[in-house]
């Protein structure tokens, strides 16, 4: 699993990347009440906003940590947005992306991300 400074995570399984927000981001947002995930077929570029998450506190864009084509949005989040709080780095994933560039440049491993969080 790799992490961005914007608090997204990405897990690779071959050329498919599963993307979501980190536990830190979910905790900072508070109770998630709405999630808009991307539709299959949408092309995303690393750094682009590709999803929206809303909580009782705020609405936030979710940024793509990789480039590629969305093959699946997590439709279950539409009826159960609280899954993002309950399991942000598991069942609360936002999208699966067929990556066009699997580079992890600019992303951190868990140890580096934990060290980054300690500076906030």
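No lab work stands behind these numbers, since they all come straight from the coordinates. In this text, all values refer to a predicted model and were calculated from it rather than measured experimentally.
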Over region 2-117, relative contact order from alpha-carbon pairs under 8 Å, at least 6 apart, %: 33
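Sort region 32-86 into rounded, prolate or oblate with this rule: let a ≥ b ≥ c be the square roots of the eigenvalues of the Cα gyration tensor; rounded if a/c is under 1.5, and if a/c is not under 1.5, prolate when a/b is larger than b/c, oblate otherwise.
Working: a/c = 2.70, a/b = 1.55, b/c = 1.74.
Because a/c hits 1.5 or more and a/b fails to exceed b/c, region 32-86 counts as oblate.
Rounded if a/c is under 1.5, else prolate if a/b is larger than b/c, else oblate: which is region 1-42, with a ≥ b ≥ c the root eigenvalues of its Cα gyration tensor? Walk me through the intermediate numbers first.
On the way: a/c = 2.88, a/b = 1.31, b/c = 2.19.
Oblate, since a/c reaches 1.5 and b/c is not below a/b.
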If the elastic network links every pair of Cα atoms under 10 Å, which of 75, 64, 95 fluctuates the most in the Gaussian network model of the chain? 75
Could you grab the Rg to Rh ratio for the chain? Cα atoms only, Kirkwood for Rh. 0.94
